[in-house]
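The structure under discussion appears below in the form of structure tokens.
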Amino acid sequence: MENQSFNDSLAELEKILAELRSDQCDVDTLAARTRRAVELLTFCRSRLTTTEQELRSILATLQNPSDQQ
């Protein structure tokens, strides 16, 4: 999943959710699809957290310009 982008992961997650909500999801694949959805959610949440931290750091330089290197 390291090579997968946030947008690709989100699109795959949306596809899985649509499958789970439809009548097309069978019991044989339910656990596997749910497991993959959890993996994607974890990845997306991590990317969002990392991006938020980076943005906070970047924006902090606006408040403390003397900290810029």
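What residue, among those in the stretch 22-47 that are in a loop (DSSP other than H, G, I, E, B) and open to solvent by 60 Å² or more (accessible area, probe 1.4 Å), is nearest to residue 8 (Cα to Cα)?
24
Quick one: in the stretch 4-21, which of the residues that are touching a Leu at 6+ places or on another chain (Cβ under 7 Å) and farther than 16 Å from residue 51 by Cα is least open to solvent (accessible area, probe 1.4 Å)?
Selected residue: 13.
I'd like the full set of residues that are loosely packed, with under 10 Cβ neighbours inside 10 Å and in a helix (DSSP H, G or I), limited to the stretch 58-69.
58, 59, 62, 63, 65, 66, 67
The values are calculated or read from the model by the stated rules, or taken from the named source; none is laboratory data. As the structure is a computational prediction, the values presented were derived from the model and not from experiment. Positions of Cβ are generated from backbone atoms using ideal geometry, with glycine treated the same way; all protein chains shown enter the neighbour counts. With ligands, DNA and RNA removed, areas are computed over all heavy atoms of the protein, side chains included. Shrake-Rupley method; radii C 1.70, N 1.55, O 1.52, S 1.80 Å.
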